[in-house]
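Here is the structure we will look at.
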There are 2 protein chains.
Amino acid sequence: MMNYPLTTNSILKRAKMLYGKKEIVCRDYNGMFRYNYARFYERVCRLANVLKGLGVQPGDRVATLAWNSHRHLELYFAIPGIGCVLHTLNLRLFQEQLIYIINHAEDSVIFVDQDLLPLLEAIKDKIKTVRHFVIMSDTKEIPGTSLSPVYSYEDLLDKAPSQYEFPTDLDEWSAAAMCYTTATTGDPKGVVYTHRAIFLHSMACLTADMMGLSERDTVMPIVPMFHANAWGMPFTATWTGTKQVFPGARPDPMVLCQLIQDEKVTLSAGVPTIWMGILQVLEKQKFDFSSARGFINGGSAAPLALMKAYDEKVGVPIIHAYGMTETTPLVTLSRTKSYMDDWSLEQQYAVRIKQGVVAPGLEIRVVNDRGEDVPADGKTMGELIIRGPWIAGEYYKNPEKSKECMGDGWLHTNDIVTIDEEGYIYICDRTKDLIKSGGEWISSVDLENTIMAHPMVAEAAVIAMPHEKWDERPMACVVPKPEYKDSIKEEDIIDFLRDKMTKWMLPDKVIFIDEIPKTSVGKFNKKELRQKYIPGKA
Amino acid sequence: MMNYPLTTNSILKRAKMLYGKKEIVCRDYNGMFRYNYARFYERVCRLANVLKGLGVQPGDRVATLAWNSHRHLELYFAIPGIGCVLHTLNLRLFQEQLIYIINHAEDSVIFVDQDLLPLLEAIKDKIKTVRHFVIMSDTKEIPGTSLSPVYSYEDLLDKAPSQYEFPTDLDEWSAAAMCYTTATTGDPKGVVYTHRAIFLHSMACLTADMMGLSERDTVMPIVPMFHANAWGMPFTATWTGTKQVFPGARPDPMVLCQLIQDEKVTLSAGVPTIWMGILQVLEKQKFDFSSARGFINGGSAAPLALMKAYDEKVGVPIIHAYGMTETTPLVTLSRTKSYMDDWSLEQQYAVRIKQGVVAPGLEIRVVNDRGEDVPADGKTMGELIIRGPWIAGEYYKNPEKSKECMGDGWLHTNDIVTIDEEGYIYICDRTKDLIKSGGEWISSVDLENTIMAHPMVAEAAVIAMPHEKWDERPMACVVPKPEYKDSIKEEDIIDFLRDKMTKWMLPDKVIFIDEIPKTSVGKFNKKELRQKYIPGKA
């Protein structure tokens, strides 16, 4: 068989050949921007010429600080297409982290959305490797800025030649993209995605029982393009000519509802906070979601109550998936098997609430402290470990963390899970969030999801409090729905849990707060909760 | 990213982990055999131990001479799984070809279906490398045979240990399987499939817009498992836990209809002859095909009339696909794009009758005699050339043919095609079957398909007759439907063609024959037609 490399250019070239008439749309600064794949391809060619003109060399890191947009999509293909490395910067990071990441990756160029300029201006004197700043907006004008040298994206593209021959003989093991983990402790760790990994991951996403993207779909990635490749959607959708809808800068739930309705989105992807926000809008205003066939949920688990609300009130299934920055990211996706159609609705929910089965191409195990497989009984907890062709084998220039997390050839996820006899993974907790009470493990996530099913509760996070006798005991931090803010009591929560959880799992303490702090990617920030509510803990 | 090899063991291990309860069924010598993937996996383990016991070494070729069956499926995984090479022998070959192939591949063991024993007995003295013969039947008894040494498959499995640890660190570039082309001229040429190629090809087949196999499907490969991996279906279906139905020995159209109905087949694959045979059965007897969502057609083009008959009378779409032994085999598959839903039915048929668009992962071009791309106008003919990770880069131990067909890094298919602006390929002819008339090319396939739309015609093949002035002119060999055998006339055909083809394309001669000779894989054997009806031609 031919030694033909697996690269992102293979994806790009197929889209150009077959899907020239298909649409890509983006909520831009002045309304909706629309073009087709033919015009997209031409602009990717222009962008490749622009990059060459800026003097980037193969292997150079070229960064983006941008929302989900058609311009970001162009960068997704042009940068790896010429042999450089697309480095997506998380716009929600603290200044110090952004500085660390840009310097650690030694980015040579940064493409930045106009409204995010202040983020870079604030740190410009501390990012020494960056030689060029390119501002993305819907005009050719350059706004007043302290960055230098600075260019307009649209102006550069306008002046560049419209032809570029993307090589199909790039080394499949060469870097195509990179992304840093949003660690809540320690420095962010860099993950480098090879061309091979992105090719294979995209192919797996296209398979019918995973995301199953088709030319007939219309996808809208709500998950940011700076977060683990927007779960691969931009690559995957382009391969099969799927209409792509980008929500642009600062989309709120109302904007997202409007886009789903107007653009007839069939498939979207995001974190639970997004789906909760959209549900709240839908409870007040009517939108037509009849085009949608599924909303993929990742990042954190969607509570059962949310899943049921989407089935019953919205008519669109929430589909659980699991992955992480280190895994490109898709690892598992949860669909019921055909014979489960005969099961009761509650039994089916018990499957759908899990994170699902492993994608074709990967290998997973669930192991105890001694590295032995735990029984596949859906009860025994263990750490999820993964290996496969789109799983990180190391962190970028970080031998210590690489040894710690992937030293034995498996990625150790720090996620505590169960696996059942059907092969479905259920995330119980992060290793560090697990509550270790008298030798038993209590899943903070289980407790949270159960509390969030309470009709007076909007959100809930559970953290460990130190305990003299039991070592650790659970404490629940609960955000009541606005209308119950003054009436909800600790007993309401405890009483609600009594017939749902074993007695020793019930929280020792329930506090009511206004908001659960979130990380830059929308996950509960338990580190901050611990700092705030548990003296001496971090 | 991890250096994790792409192997068939990745497929096998996922099936074992997730789909133990799913069913695999086979029409066996005594009725239907049924088991599940858990039991299948156990038998594959036993088979691996059997192979080790027979002394095969990594890289050894282990051959099968067998129908589509669950035992054949076990061999599909056990042989590559231990690092050997699955060599599927075409049971329809002539003795001399079978001898050549077995000797050229230097097969060490042959697994043979009991009813095919005579084929091997007849050549046993001429196949010197074969050290063991294993007879497959549903008993442990060994029938009287002149082969030696000879074993019973079921007996060997019964005695073997049920545990085997399939390595996941095989070299992805190592050979997993091989198959010889059924060339009508010259010696058969061997194609070696690497683990990597089978992995990637299977992944591509799983994508929603190609075969889109799902756990929810039930597949029945009618295309033989000795012919280009049964178009990849056994590997593909196993990966996603699809119920598999194997038709066993010598299935006739009536048997196939019964299986589709009884086992609720959703997807099947075969050559036009199969679909014609099934249609003839359905015209006489009622079967319930409501489970079926598509029948994939390859090998040769399905005539438009056949495709329409399936839509109108059977309610199951015929889906065109294209590939060859050298391409693992899927290259293109034909589905209409979403915006074509607005086109007229005839326009949609004009798309569906084409062989389709290139699979994700491959690159195709259509080139003229000078190697230049022809315009994508759906009219200009050129040769289809292909490259990609599951395309043969050489023939096995055949440097001369390798240089001729893949010397420039592209596989030259010898297929004359057009490509339209939507990227759909249409096979006009084999290079050698094309009729070159006065500097113009006439597609024999086009003529055949048009003639086959005539209500009095069952089948038609068109060949070139030598012509003094025009070099070559078309001659049609027509098989009338039985009821028109005595009444059909040459003018019926020519008159029918007049408003459908350009005048100079009409055949100079029409002859009526009882049957069109077929090759071992069911294609029209035009070499034989030429030998029979055109003096001095071959």
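Here are some notes:
Residue by residue, here is whether (1) open to solvent by 10 Å² or more (accessible area, probe 1.4 Å); (2) more than 9 Å from chain A (Cβ to nearest Cβ); (3) acidic (Asp, Glu); (4) free of Cβ contacts under 8 Å to residues at least 24 places away in the same chain holds:
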residue	(1), (2), (3), (4)
B:195	no, yes, no, no
B:210	no, no, no, no
B:214	yes, no, no, no
B:222	yes, yes, no, no
B:227	yes, yes, no, no
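- Selection from the stretch B:507-538 of residues that are more than 24 Å from the chain's Cα centre (by Cα), over 22 Å from residue B:481 (Cβ atoms) and in a loop (DSSP other than H, G, I, E, B): B:508, B:534, B:535, B:536, B:537, B:538
- Flag for residue B:254 being part of a helix (DSSP H, G or I), open to solvent by 40 Å² or more (accessible area, probe 1.4 Å) and more than 22 Å from residue B:232 (Cα to Cα): yes
- Odd one out for residue A:62, checked against (1) within 28 Å of the chain's Cα centre (by Cα); (2) within 14 Å of chain B (Cβ to nearest Cβ); (3) outside any helix (DSSP H, G or I): (2)
- Residue in the stretch A:366-383 that is facing chain B (nearest Cβ under 10 Å) and of a type in the set (A, V, I, L, M) present: yes
- Conditions (1) open to solvent by less than 10 Å² (accessible area, probe 1.4 Å); (2) more than 14 Å from chain A (Cβ to nearest Cβ); number of the one not met by residue B:181: (1)
- Matching residues in the stretch A:301-345 - criterion: being in contact with an Asp or Glu (Cβ under 7 Å, 6 or more places away or on another chain) and part of a helix (DSSP H, G or I): A:338
- Those residues of the stretch A:366-388 which are surrounded by 18 or more Cβ atoms within 10 Å (Cβ to Cβ), under 15 Å from residue A:428 (Cα atoms) and among the charged types (D, E, K, R), in sequence order: A:383
- Residue check, residue B:503 open to solvent by 20 Å² or more (accessible area, probe 1.4 Å), over 24 Å from residue B:302 (Cβ atoms) and in contact with a strand residue (DSSP E or B) (Cβ under 9 Å, 6 or more places away or on another chain): no
- Residue within the stretch A:234-241 that is of a type in the set (Gly, Ala, Ser), under 27 Å from residue A:428 (Cα atoms) and either within 14 Å of chain B (Cβ to nearest Cβ) or over 15 Å from the mean Cα position of the chain (by Cα) (or both) present: no
- Condition broken by residue B:244, with the remaining ones in (1) of a type in the set (S, T, N, Q); (2) open to solvent by less than 10 Å² (accessible area, probe 1.4 Å); (3) within 13 Å of chain A (Cβ to nearest Cβ); (4) touching a Leu at 6+ places or on another chain (Cβ under 8 Å) satisfied: (3)
- Look at (1) in a strand (DSSP E or B); (2) open to solvent by 30 Å² or more (accessible area, probe 1.4 Å); (3) within 14 Å of chain A (Cβ to nearest Cβ) and you find that residue B:409 fails only one, number (1).
Residue by residue, here is whether (1) open to solvent by 10 Å² or more (accessible area, probe 1.4 Å); (2) away from chain A (no Cβ under 11 Å); (3) more than 22 Å from the chain's Cα centre (by Cα); (4) under 30 Å from residue B:306 (Cα atoms) holds:
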residue: B:360; (1), (2), (3), (4): no, no, no, yes
residue: B:390; (1), (2), (3), (4): no, no, no, no
residue: B:394; (1), (2), (3), (4): yes, no, no, no
residue: B:397; (1), (2), (3), (4): yes, yes, yes, no
residue: B:416; (1), (2), (3), (4): no, yes, no, yes
residue: B:428; (1), (2), (3), (4): no, yes, no, yes
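- Count of the stretch A:365-404 residues which are part of a helix (DSSP H, G or I), in contact (Cβ under 8 Å) with a residue 12 or more places away in the chain and closer than 24 Å to residue A:199 by Cα: 0
- Just one of the listed residues (B:239, B:173) is among the aromatic types (Phe, Trp, Tyr) and surrounded by fewer than 24 Cβ atoms within 10 Å (Cβ to Cβ), namely B:173.
- Any hit, the stretch A:139-149, residues being under 30 Å from residue A:199 (Cα atoms), in contact with a Lys or Arg (Cβ under 8 Å, 6 or more places away or on another chain) and open to solvent by less than 50 Å² (accessible area, probe 1.4 Å): no
- Among the residues of the stretch A:363-372, those that are at pLDDT 95 or above and touching a strand residue (DSSP E or B) at 6+ places or on another chain (Cβ under 6 Å) comprise A:363, A:364, A:365, A:366, A:367.
- Residue satisfying all of: in the stretch A:320-352; in contact with a helix residue (DSSP H, G or I) (Cβ under 8 Å, 6 or more places away or on another chain) and aliphatic (A, V, I, L, M); surrounded by the fewest Cβ atoms within 10 Å (Cβ to Cβ) among these: A:340
- Conditions (1) surrounded by fewer than 23 Cβ atoms within 10 Å (Cβ to Cβ); (2) away from chain B (no Cβ under 14 Å); (3) under 19 Å from residue A:161 (Cβ atoms); number of the one not met by residue A:84: (1)
- Which numbered condition residue B:354 misses (of (1) within 14 Å of chain A (Cβ to nearest Cβ); (2) over 19 Å from the mean Cα position of the chain (by Cα); (3) not in a strand (DSSP E or B)): (2)
- Complete set of residues in the stretch A:439-475 that are open to solvent by 40 Å² or more (accessible area, probe 1.4 Å), among the acidic types (Asp, Glu) and either within 14 Å of residue A:427 (Cβ to Cβ) or in a loop (DSSP other than H, G, I, E, B) (or both): A:446, A:468
- Scanning the stretch A:243-279 for residues that are modelled with pLDDT of 95 or more and of a type in the set (S, T, N, Q) turns up A:244, A:258, A:261, A:266, A:268.
- Test result for residue A:56, within 14 Å of chain B (Cβ to nearest Cβ) and within 24 Å of residue A:125 (Cα to Cα): no
- Applying the condition of being assigned to a helix (DSSP H, G or I) and open to solvent by 50 Å² or more (accessible area, probe 1.4 Å) to the stretch A:1-37 and asking which residue is farthest from residue B:424 (Cα to Cα) yields A:16.
The values are calculated or read from the model by the stated rules, or taken from the named source; none is laboratory data. Here the structure is a predicted model, which means the values were calculated and not measured. So basically every Cβ, Gly included, is an ideal-geometry build from the backbone, and we count neighbours across all protein chains shown. Just so you know, the surface numbers come from the protein's heavy atoms only, side chains and all, with ligands and any DNA or RNA stripped out. Shrake-Rupley method; radii C 1.70, N 1.55, O 1.52, S 1.80 Å.
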